[in-house]
Amino acid sequence: MIKKNIVLIGMMAAGKSTIGFKLAKRLNFNFFDIDNEIEKSEGQKIINIFVDKGEGHFRKVEEKISLIFLEKKNCVISLGGGAFLNEKIRKKINKNSHSFWLNWKIKTILGRISNNNKRPLALKLNNKDLANLYRKRSKFYKLSDYKINCEKKNKNEIIKDIFKILQNENYFN
Ligand code: S3P
C-alpha cells in the first residue's frame, strides 16, 4: 500500500537522523537523510561544501536533492535544519508527507552542538546568534503538521509519540 512519507524537521542536533533511521526500521520504510544525500551528490562533506562553494550553493543543492527525495513514497526522510525554510520544499512536504517537528529547548540544542566541528553554522555563530536563529526558524517549523516536544524524552519515547499520532490519523489502516 502506498503511504505518505514521514518527514522529520527541526534544528541541528534535534536527533532527526537517529530517530528517522529507527522510525524507518519500525515502519519497514526506506530511510533517507538529505544531508547524506547531498554529500553523496557533491562528493564532499557538508562542512567542505560550505567552505569551498558557500552556503548559497549548499542551499541550491539542498533544494534540488530534497525535492527529488520527497517524490518517493513509503519512506522516512530527515531534512537538514534549514531546509524547511525553503518554500518549495515546504510546499512539497505539505502536499505529500506528514511532517514532524522535533522540538527541544534552545538550551538543549546549544549544549549538543557546542564544539561541533561538522556543522558549519554551529562553527560560525555564537550562542546568542544560534538562539536568534532558533527563534526565527521556529516560526517556520510551526508550519509542520505535528510538533513533538522531545525534552526529557528518550528516543523510544519520541518514536512512540510519533506512532501515536500516526495511529490517530489512521495511517496504518
Ligand atoms: C543546517 C543543518 C545541517 C546541514 C547544514 C545546514 C542548518 O543539518 O544541513 O549544516 O541550516 O541548520 P542538521 O540539521 O542535520 O545538522
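May I ask which of Lys73/Lys128; Lys128/Lys152; Lys25/Lys53; Lys64/Lys147; Lys95/Lys136; Lys45/Lys91 have a Cα-Cα span longer than 31 Å here?
Numbers: Lys73/Lys128 39 Å; Lys128/Lys152 23 Å; Lys25/Lys53 35 Å; Lys64/Lys147 26 Å; Lys95/Lys136 23 Å; Lys45/Lys91 27 Å.
Cα-Cα > 31 Å for Lys73/Lys128; Lys25/Lys53; rest within.
Would you please give the FRET efficiency between Ile165 and Gln44, computed as 1/(1 + (r/R0)^6) with r the Cβ-Cβ distance and R0 = 35 Å, to the nearest 0.05?
Calculated value: 0.45.
Given H placed 1.01 Å from N in the peptide plane, which residues other than close sequence neighbours of Ser99 have an amide H under 5 Å from its amide H?
Val7, Asp145, Tyr146
Over segment 17-98, what relative contact order in percent results from Cα pairs under 8 Å that are six or more residues apart? Write down the numbers at each step before the final one.
On the way: 74 pairs, mean separation 29.8, N = 82.
Relative contact order for segment 17-98 comes out at 36 percent.
Residue by residue through segment 80-86, what is 3J(HN,Hα) from phi via Karplus (6.51 cos²θ - 1.76 cosθ + 1.60, θ = phi - 60°)? Round to whole Hz and write x for glycine and proline.
x, x, x, 5, 6, 7, 7
Helices from the chain with mean Kyte-Doolittle at least -0.5 and a Cα length along the axis of 24 Å or more, per DSSP H: which?
Those that clear 24 Å and a mean of -0.5 are 46-69.
On a C-alpha basis, how far is the centre of segment 17-61 from the centre of segment 142-173 in Å? Whole number, if you could?
One Cα centre to the other: 22 Å.
Can you tell me how segment 55-115 classifies by the Cα gyration tensor, rounded, prolate or oblate, using a/c under 1.5 as the rounded cut? Numbers along the way, then the final one.
Numbers: a/c = 2.34, a/b = 1.48, b/c = 1.59.
Verdict is oblate for segment 55-115.
Dividing the convex hull volume of the alpha carbon atoms of the chain by its residue count, what do you get in Å³ per residue?
Taking only Cα atoms, the chain has a hull volume of 108 Å³ per residue.
Would you calculate a helix-derived [θ] at 222 nm for the chain, using -39,500 (n - 2.57) for each DSSP H run of n ≥ 4 and dividing by the full residue count, to the nearest 500?
Numbers: 8 runs with 97 residues, N = 173.
Theoretical 222 nm ellipticity from helices: -17500 deg cm²/dmol.
About the Cα centre of the chain, what is the dipole size in debye to 20, counting +1 per Lys and Arg Cβ and -1 per Asp and Glu Cβ, all else neutral?
440
For segment 1-92, report the % of Cα-Cα distances exceeding 24 Å.
When all Cα pairs of segment 1-92 are counted, 16 percent exceed 24 Å.
Please state the relative contact order of the chain as a whole percent: Cα pairs under 8 Å, 6+ residues apart?
Value for the chain: 31 percent.
Where a number appears in this text, it was derived from the coordinates with a stated rule and is not lab data. Source: prediction; values computed, not measured. All Cβ positions, glycine included, derive from the backbone under ideal geometry; neighbour counts span all protein chains shown.
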